Ligand SMILES: NC(=O)c1ccc[n+]([C@@H]2O[C@H](COP(=O)([O-])OP(=O)(O)OC[C@H]3O[C@@H](n4cnc5c(N)ncnc54)[C@H](OP(=O)(O)O)[C@@H]3O)[C@@H](O)[C@H]2O)c1
């Protein structure tokens, strides 16, 4: 089969397409013919040899990729044959192996892909979607919120904006340059009993806080969901209302947002970091994320690349050119 193999740590060109033996499922496992493999920000850290301390050290050579969707093609001992031919999506966990035509995963990790959901959308829901659910649980989002989402064109930002809108909240979607405007406009097309209002602002124009204040008639936002950090998130902190909440889950800019106790005390902020500690029920978060997509509350924008171009897909993320969740298609 064709698979991306990484034999050394380094820049995106260490991701090379090779022909390797098709893996055989062990006890309790299935083999999935991969139709879509998610590319995650952590895959880039792992490729560089800079994975988070919370993850086991990577052993090379390896095939990256922890999010897969496709069709069950073989089952191992102890797994029901009825799964053969079904459409599934799964997070394969630390074992990786998703950037390939076939990948192994524990049968216990599988979710059915609902009717009307594409494999690429399903793969966007399984890992990034579960994080979005976790972030919103930590935020305690309600329809009364006005929420700032930096990096709204990214995998997680796009789903957070959609979930906020489908909850009836006002979402301030910050995006990186007019080239990303089209993907941001798609985010408003979500179902909800009282869909909220989206204010989309190009954050590369530093006047965005003034433009936000004008668009919100001076109402200060009550919530910041930040995976970008740096100057954009810092400006967002300064724009928040008294009593606002801040949820931090990443720093795509390379710099975690600066907050000190003066900020917290002066405006009674609540700051939460829902990652980096044990998460109680990942499977339930995954099921909720898939249900959100099946119900149209998220319609994850996907940025598809051929499997052979995994290196280019990584480079697109590193150069901030992604449009939604980056997915490899074998
Ligand atoms: N996806 C997950 O499941 C997950 C889990 C845990 C933590 N996180 C963290 O959450 C953050 C977002 O994850 P993601 O999956 O949405 O990543 P992503 O798809 O790569 O999106 C990140 C977004 O950040 C924005 N950005 C702003 N400044 C940037 C810069 N200097 N370089 C690159 N991007 C920049 C970009 O949007 P604009 O160009 O529109 O500003 C980009 O679309 C990351 O820090 C990630 O480590 C994600």
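When we screen 222, 166 for residues that are on the phi < 0 side of the Ramachandran plot, away from the ligand (no atom under 14 Å from the Cβ) and out of contact with any helix residue (DSSP H, G or I) (no Cβ under 9 Å at 6 or more places or on another chain), the only hit is 222. For residue 122, the criteria (1) surrounded by 19 or more Cβ atoms within 10 Å (Cβ to Cβ); (2) within 14 Å of the ligand (Cβ to nearest atom) hold in every case but one, which is (2).
Confirm whether residue 160 is in contact (Cβ under 8 Å) with a residue 12 or more places away in the chain and surrounded by 24 or more Cβ atoms within 10 Å (Cβ to Cβ). Judged against the criteria, residue 160 is a match. Only one of the listed residues (310, 280, 292) is under 15 Å from residue 137 (Cα atoms), more than 11 Å from the ligand (Cβ to nearest atom) and under 18 Å from the mean Cα position of the chain (by Cα). That residue is 292. The set of residues in region 171-196 being out of contact with any helix residue (DSSP H, G or I) (no Cβ under 8 Å at 6 or more places or on another chain) and away from the ligand (no atom under 16 Å from the Cβ) consists of 189, 193, 194.
Every listed requirement among (1) surrounded by 23 or more Cβ atoms within 10 Å (Cβ to Cβ); (2) in the same structural domain as residue 26 (by TED's automatic domain parsing); (3) in contact with a helix residue (DSSP H, G or I) (Cβ under 6 Å, 6 or more places away or on another chain); (4) over 26 Å from residue 278 (Cα atoms) is met by residue 153 save one, (2). Considering only residues in region 266-277 that are closer than 30 Å to residue 124 by Cβ and not in a loop (DSSP other than H, G, I, E, B), the one that is nearest to the ligand (Cβ to nearest atom) turns out to be 272.
Of all residues in region 101-119, those satisfying the criterion of being buried (at least 19 other Cβ atoms within 10 Å of the Cβ) and part of a helix (DSSP H, G or I) are 107, 109, 119.
One residue alone among 89, 79, 72 is in a loop (DSSP other than H, G, I, E, B) and touching a helix residue (DSSP H, G or I) at 6+ places or on another chain (Cβ under 7 Å), and that residue is 79. Is it the case, given these coordinates, that residue 263 is over 19 Å from residue 132 (Cα atoms) and away from the ligand (no atom under 16 Å from the Cβ)? Taking the combined requirement at face value, the residue satisfies it.
The values are calculated or read from the model by the stated rules, or taken from the named source; none is laboratory data. Worth saying up front: this structure is predicted, and the values here are computed from it rather than measured. Backbone-built Cβ (ideal geometry, glycine too); neighbour counts: all protein chains shown.
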